[in-house]
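S.K.: Supplied in structure tokens, the structure appears directly below.
Rule-based calculations on the coordinates, nothing more; no lab input. From a predicted model like this one, the values you see are computed outputs, not experimental measurements. Counting neighbours? That spans all protein chains shown, and the Cβs are built from the backbone with ideal geometry, glycine included.
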Amino acid sequence: MFCSQCGTENQGEARFCQKCGNSLSGNTAQPNAVAQAAIWNPNAAANWSLIFTPAFGAYLQMLNWRTLGESEKAAESKNWFYAGLGLLAVYVLMGIFMGGSKAADGMARGLGFLFLLVWYFSAGRAQSKYVKEKFGAGYARKPWGKALLLGVASVIAYFAAALVVGFVVGFAR
């Protein structure tokens, strides 16, 4: 028997879902391969993008779209991911060529905030609506541990790379 809340398969005589605890009495839910495939909560992915950049959210949403069988939307999210990475490279270049000035810092923050808004309202929110309309709250969710660890590691790697580039450029001058 499959849980109507989270889609987990349970033993036929079970009264409650082994995963979410939902009552299985009178449950007639049928298996749904897409609903059972775990995805990251799209709202949370968008929220984590405030800390880890829209590239992080776009990457997770790209993986979600693939899991949901939406290859065109996954390709769009992949493009947003690459644009987010490109923006991070622009930040480093602005720091190099604008000499770490307050103007460069202000421009980078403004550009980053603008990119976040454009991504969120044109792509980030769409997945939340899609999942809500298709599954409601009853979909399997992936845990955040590995994804957040990857996000933290990426931030550390980015700052380390920017520091190395800064030293190389400063040493070359």
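S.K.: In debye to the nearest 20, how big a dipole does the chain give about its Cα centre with +1 on each Lys and Arg Cβ and -1 on each Asp and Glu Cβ?
M.R.: My answer is approximately 200 debye.
S.K.: Could I have the simple spin-label model distance between I96 and W144, label points 7 Å from Cα toward Cβ, reported in nm to one decimal?
M.R.: In this crude label model, I96 to W144 measures out at 3.5 nm.
S.K.: Per residue of the stretch 37-48, in order, report the coupling 6.51 cos²θ - 1.76 cosθ + 1.60 (Karplus, θ = phi - 60°) as ³J(HN,Hα) in whole Hz, putting x for Gly and Pro.
M.R.: Working through the residues one at a time gives 5, 6, 10, 6, 4, x, 5, 5, 4, 5, 5, 5 Hz.
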